[in-house]
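Take a look at the structure below.
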Amino acid sequence: AGVRPMAPKRQPGARRGGHRVRTRAVGLALCATVATGLSSALLFVLAPPRAGIRANLGAESQLAGAYLDGGRGSRTEHVARAAAAPAVEEAGESATVPSRRELASAAAFGALSAALPEPASADAEPEIKARCSFDITIGGGTNAKKRRLVIGLYRDLAPVLTQNFIYAVTQTYPGEGQSQITYKLGDVKSIEKDKAINWVNFREGNVLYKEIQTDDKRWVGNKVVKVPLAGDDTLTDETNSLRHDAVGRVSMKKGGGSFDFTVSPVAEAPWLDKTNVVIGQVLEGMDVIAEINQIPMFQGKPFKKVRFVSSRLMEAV
């Protein structure tokens with residue numbers, strides 16, 4: 001009866017188990033802190049801080065860094081707030097000194113912005129090097145109203161093809177078919193609605209009829225043969241990075257050897273990228289292009305005749 005009860009033995013690993021519990025708790029606390037910082041950064045991006053912070057974001061990032069170095073409620077925090085006061089005064093009476101949360105958000109946003117790549121800027125439109133104007137009639141007849149079309153040429157991005165176009169505008173091709181090679185009085189060749197408007201059927205035809213001598217025993221004397229209007233000097237393998245990505249893109253067939261050209265009636269025409277090289281852009285007369293695009297084809301020809309009444313080079317650089 002006089003024996004004292006023995007104290008219960010300590011279970012092995014009890015201390016270590018308590019240590020594991022405390023370690024887990026610290027880990028959860030750290031995770032919560034990181035999550036809070038990330039959410040603050042997102043809040044800063046989605047909801048920019050008040051006018052005082054917007055007044056001088058660069059200065060605030062430095063102040064926020066100083067605050068984070070000093071810790072919550074430290075002397076550095078008070079120095080940061082005091083330094084922000086002049087910027088707040090410049091922003092106006094409605095501005096307020098940034099809070100600790102806003103300072104932390106500014107620092108996190110600054111670090112995030114520095115890590116992200118700069119956004120890619122859209123490619124600038126090439127410089128127009130020449131302009132050509134055309135008077136167009138739709139429907140034929142003596143009373144048909146003249147419509148104006150102006151095309152700008154990039155020239156340097158496809159010099160050979162662009163020169164072929166200018167030859168036909170000015171009727172200056174230095175070949176045998178010069179008298180035939182002119183867009184003046186030429187007609188639209190075909191219209192593919194919402195795909196392509198294709199020029200040109202020259203008034204005197206798209207081939208050159210040439211008389212040649214023959215030594216063929218089966219043929220006595222001379223005979224007439226068809227010869228392409230475009231000579232070898234119009235051939236080229238040039239391409240460029242331009243695409244049919246805007247209404248009114250003007251292009252010519254890859255490889256050259258022709259004076260035909262195409263105008264895109266829609267903003268996106270990737271099918272033309274496969275066969276044509278962009279040389280220019282319609283600058284004036286988009287309403288004319290839209291009207292031509294609506295003309296149906298009948299027996300292989302446009303139902304309404306679309307004709308160039310005149311063509312001229314306005315200016316060239």
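Quick notes on this structure:
- Label separation (Arg148 vs Phe298): 3.1 nm, computed from points 7 Å beyond Cα along the C-beta direction.
- Net length available on complete extension from Arg243 to Glu204 is 10.8 nm, with 0.36 nm assigned per residue and the Cα-Cα distance removed.
- Region 125-192: GluC sites (Glu not before Pro) falling in loop per DSSP and having at most 13 other Cβ within 10 Å: Glu127, Glu176
- Amide H contacts of Leu208 (H built 1.01 Å from N, under 5 Å, at least 5 apart or other chain): Val227, Leu229
- Gyration tensor (alpha-carbon) shape descriptor, region 258-317, a/c threshold 1.5: oblate
- Here the Karplus curve 6.51 cos²θ - 1.76 cosθ + 1.60, taken at θ = phi - 60°, turns the phi angles of region 191-200 into couplings of 10, 10, 3, 6, 10, 6, 10, 10, 10, 8 Hz, with x standing for Gly and Pro.
- Loop-resident sites, region 152-258, for chymotrypsin sites (Phe, Trp or Tyr not before Pro), counting at most 15 other Cβ within 10 Å (DSSP): Trp219
- Tensor-based shape of region 199-242 (alpha-carbon gyration tensor, a/c under 1.5 rounded, otherwise prolate or oblate): oblate
- Net charge over other residues, Cβ less than 15 angstrom from the Cβ of Ser179 (K, R count +1; D, E count -1): +1
- Among residues other than Asp273 with Cβ under 13 Å from its Cβ, the summed charge is +4 (Lys and Arg +1, Asp and Glu -1).
- Solvent exposure, largest accessible area first (probe 1.4 Å, DNA, RNA and ligands not counted), of Leu242, Leu235: Leu235, Leu242
- Taking a ≥ b ≥ c as the square roots of the Cα gyration tensor eigenvalues, region 133-214 comes out oblate, since a/c reaches at least 1.5 and a/b does not exceed b/c.
- Cβ-Cβ FRET estimate between Ile128 and Val227, R0 fixed at 35 Å, reported to 0.05: 0.55
- A simple count of charges around Ser133, restricted to other residues whose Cβ falls under 14 Å of its Cβ and scoring Lys, Arg +1 and Asp, Glu -1, yields +3.
The values are calculated or read from the model by the stated rules, or taken from the named source; none is laboratory data. Just so it is clear, the model here is predicted, and its values are computed rather than measured. Glycine gets a Cβ as well: all are built from the backbone with ideal geometry, and neighbour counts include every protein chain shown. Note: accessible area is taken over every heavy atom of the protein model, side chains too, but ligands, DNA and RNA are not part of it. Shrake-Rupley method; radii C 1.70, N 1.55, O 1.52, S 1.80 Å.
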